[in-house]
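Heads up: the structure comes next, in structure tokens.
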2 protein chains.
Amino acid sequence: MLYAAILGFGTVGSGVAEVLTMNQKQLAGKAGQPIELKYILDTRDFPDSPFADRIIHDFAIIEQDPQVQLVAECIGGATIAFEFVKRCLQAGKHVATSNKELVATRGHELLEIAKAKNVNFFFEASVGGGIPVLRPLYFDLAANEISQVAGIVNGTTNYILTKMLDEGAAFDDVLREAQAMGYAEANPAADVEGLDACRKVCILSALSFGFHVYPDMVSTEGITRITEADVAVAAAGNMKLKLLGRTLRTEDGRVCAFVSPHFVPGSCQLFHADGVFNALLVRGNAIGEAMFYGPGAGKLPTASAVAGDLADAAWHLTQRRPMNWEDARRDCMLDAADLPLPYVIRTGASQAQVEAALGAARPLGEDGYLLEGAHTRRAIEAAGLNLLAVWPVFR
Amino acid sequence: MLYAAILGFGTVGSGVAEVLTMNQKQLAGKAGQPIELKYILDTRDFPDSPFADRIIHDFAIIEQDPQVQLVAECIGGATIAFEFVKRCLQAGKHVATSNKELVATRGHELLEIAKAKNVNFFFEASVGGGIPVLRPLYFDLAANEISQVAGIVNGTTNYILTKMLDEGAAFDDVLREAQAMGYAEANPAADVEGLDACRKVCILSALSFGFHVYPDMVSTEGITRITEADVAVAAAGNMKLKLLGRTLRTEDGRVCAFVSPHFVPGSCQLFHADGVFNALLVRGNAIGEAMFYGPGAGKLPTASAVAGDLADAAWHLTQRRPMNWEDARRDCMLDAADLPLPYVIRTGASQAQVEAALGAARPLGEDGYLLEGAHTRRAIEAAGLNLLAVWPVFR
């Protein structure tokens, strides 16, 4: 019998408690022994919860209980969560978290402690919610040099963009509706400004390329500037506008990580990932391309990933799995503005003016142009055109 | 340093040799130490191969060399391959294979030997080729009760069906073309009759439900009876005909495993998996639904999965991963003909006749009907209609 504790009894934490209970038998098979939930740490009491008897308010009880070897961090943020995770690892406990902010900002540091203490620090739920993608990327595709990971990693923005396309609606209207439905937060900035996607790109970058990429190293644009006119231009080219997080290695070995709206062609699998779903595409030199699709958020899907982490840690109590990365290599980064890509622009300029400045271009809809070949955003913005929109095409 | 041997230097075997060499650094990071290819067993010589110096003809050399701890079986079939894999496991070596026939017919037996010898027997490449799907299903989704796995698991038939739809062509013509392109074998029976998909369903069943499902326990129909008229009826309902392999647990706890053409609606992700690609959809009580998409065959993608298995085995040399299942439980199976499903039929009968026999039905195209609610194939076939086609709708 192994004992687990959950830090934070919010949506994810209560989901983890539910999954540990509901699927105890399945977990025991893969963990090698049953996992018993011993404590749930929260500042609040939950007298009506079936887990009321497990609620405690003092972190030190967990920290000092040698029986607790597995901890699920579901507090969120990178202040208290960082402190508690660090102390759990230092106390020789294995930790699983769904907290992308924590991993994106302190992942290297925490993995170093985990390594020194010979314990696991897992975070499968931090990218793609319930979708198994980080372990497949890091372990199952071990026989690949990864060249790129690109994906729809934020369900809220994908829901908004899907609605804008389906209903020809304006961003503000769809956002209000999404907030009413519970698909968007009251303060939607982290989603719509791309920060949530940025954190996930940090984690995907580190796993793919071996060094920490901090949020400030990821060029990030959200979806707030996307208008109905942009959506119409995309449709005119049989494309959809999607917010993609991407990290890739250039031919000269630099890493370029960015979050940006993209025009996604109908021939690409990401085109078909609509609504709140996430989809991640991985390219490697042996696999070619694989895609992972599923629920990127939600109580039980996220809990599925966290509890799966606990089972994996339980099997690897004494021989941790070799997941680590180095600290940031800032000189290895390429600014996304300097990455040559296919681009679509919208402009008040004529086709002749566009072609004089940027070479051959195919008109799309009312005022859109698909530029032939590859251009950098920097060069496009320097071309002196009256630009209404500049976003890459995903290929 | 760890030493590996490859059994069989055909397409997959030579791919494994290539990947082990090309991505040695990546593999070493995840394996914990470098993996050196020591022997390649084949009956032939390959004097022009860069691996010519590793070719041997006597299996006993590998079997008796204690330095060789990792073996990739790439011979195929279940006779010599079974003998060699068994002897490798008995000699305490870890084995990875891409051989679905071997796993579908002898998997339980080999896993028992692996367990007794405390070594790993891995077969990620046997389903979905390069796509990481078996480990995600078995380990990463450990916190789920799996209710169903369904997928396009044979690229050859998916290529043929895609062509039939895109070009309105007949099965025989597309098959000839696929043979000329190398996408179909000269003897295409294993693919087009569904046997290859059947073997993959056996493996998915065992991993999902915990007991061996042998090929004779899987109701199997291939694509040879699909006509242009069927494809047209599917299109009339905004659906595509796809060959799906499925295994699911019914509410009363029985397992139903089958391979059949399915009508797949446009709202389903499997609808968008075309050409030679594979896609597998997994449903569980915590994750909801996730999909894995990618190259289901091919030299380097398949080798990616086999080499990834070797890296995982290398990290788990002394503590094997807990992958096992029991022998068949034949009394737990439900015949697919008795599974209630939504169905489309094609018939010379009128709508009135169809509805008199089977209840409400929506006409589709020239002679198709989408039956409302769920029916069993057995009941439909007993209804005395002049049936031209009877296939389920995937939902």
Between B:ASP45 and B:GLU185, the FRET efficiency computed from the C-beta separation at R0 = 25 Å comes out, to the nearest 0.05, as 0.50
Which lysines, on any chain, are close to B:LYS38 with Cα under 22 Å apart, when same-chain ones fewer than 8 places away are left out?
-> B:LYS25, B:LYS30, B:LYS86, B:LYS93, B:LYS299
How high is the FRET efficiency between B:ARG362 and A:ALA337 when r is their beta carbon distance and R₀ equals 51 Å, given to the nearest 0.05?
-> 0.45
Considering only the label points, 7 Å along Cα→Cβ from Cα, what distances in nm to one decimal separate A:GLU355 from the same position in each other copy, shortest first?
-> 5.9
What 222 nm value per residue comes from the helices of the protein assembly as shown, counting each DSSP H run with n ≥ 4 as -39,500 (n - 2.57) and dividing by all residues, nearest 500 deg cm²/dmol?
-> -10500 deg cm²/dmol
Could you please state how large a percent of the accessible area of region B:1-60 is carbon and sulfur, counting protein chains only and using a 1.4 Å probe?
-> 53
Nearest 20 debye, what's the magnitude of the dipole of region B:141-245 about its Cα centre given +1 on Lys and Arg Cβ and -1 on Asp and Glu Cβ?
-> 280
Using a cut-off of 15 Å between beta-carbons, work out the net charge of the residues near A:ALA125 (Lys and Arg +1, Asp and Glu -1, A:ALA125 not included).
-> -3
Which number comes out as Rg/Rh for the protein assembly as shown once both Rg and the Kirkwood Rh are worked out on C-alpha atoms?
-> 0.97
Copies compared at B:ASP173 - label distances in nm, ascending, label defined 7 Å from Cα in the Cβ direction = 4.7
Send over a whole-number figure in Å² for the accessible area per residue of chain A, probe 1.4 Å.
-> 35
Shielding by partners for B:322-331, please: the mean number of other protein chain Cβ atoms within 10 Å of each residue's Cβ.
-> 1
If you place +1 on the Cβ of every Lys and Arg and -1 on the Cβ of every Asp and Glu, how big does the dipole about the Cα centre of region A:1-100 come out, in debye to the nearest 20?
-> 400
Starting from the Cα gyration tensor of region A:202-335, take the square roots of the eigenvalues, sort them a ≥ b ≥ c, and report rounded, prolate or oblate (rounded when a/c is under 1.5, otherwise prolate if a/b is larger than b/c, else oblate).
-> oblate
Compute the label-point distances linking A:SER147 to its equivalents in the other copies; points lie 7 Å from Cα along Cα→Cβ; give nm, one decimal, shortest first.
-> 4.0
Since chains B and A are linked by a rotation, which residue in B has the beta carbon closest to its axis, and how far is it in Å?
-> B:HIS272, 2
Once you charge only the Cβ atoms, +1 for Lys and Arg and -1 for Asp and Glu, what is the size of the charge dipole of chain A about its Cα centre, to the nearest 20 debye?
-> 940
Whole-number percent relative contact order across chain A, with pairs defined as alpha carbons under 8 Å at least 6 apart | 19
How many square angstrom of accessible surface are buried between B and A, both sides summed, with a 1.4 Å probe and rounding to 100?
-> 4100
Number of partner chain Cβ atoms within 10 Å, mean per residue of B:280-287 | 6
Rounded to the nearest Å, the spacing of the alpha-carbon centers of region B:189-206 and region A:131-193 is 35
Listing of region A:125-148 residues, each with accessible area lower by at least 40 Å² in the full protein assembly than in the chain alone (probe 1.4 Å) = A:PRO132, A:ASP140, A:ALA142, A:ALA143
What's log10 of I(q)/I(0) for chain B at q = 0.09 Å⁻¹, Debye sum over Cα points only, no solvent?
-> -0.55
May I ask you to list the GluC sites (Glu not before Pro) in region B:211-293 that are in a DSSP loop and have at most 14 other Cβ atoms within 10 Å of their Cβ?
-> B:GLU251
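The values are calculated or read from the model by the stated rules, or taken from the named source; none is laboratory data. Because the structure is predicted, anything quoted here is derived from the model rather than measured. Cβ atoms come from the backbone with ideal geometry, glycine included; neighbour counts cover every protein chain shown. Calculation scope for accessible area: heavy atoms of the full protein, side chains included, ligands and nucleic acids excluded. Shrake-Rupley method; radii C 1.70, N 1.55, O 1.52, S 1.80 Å.
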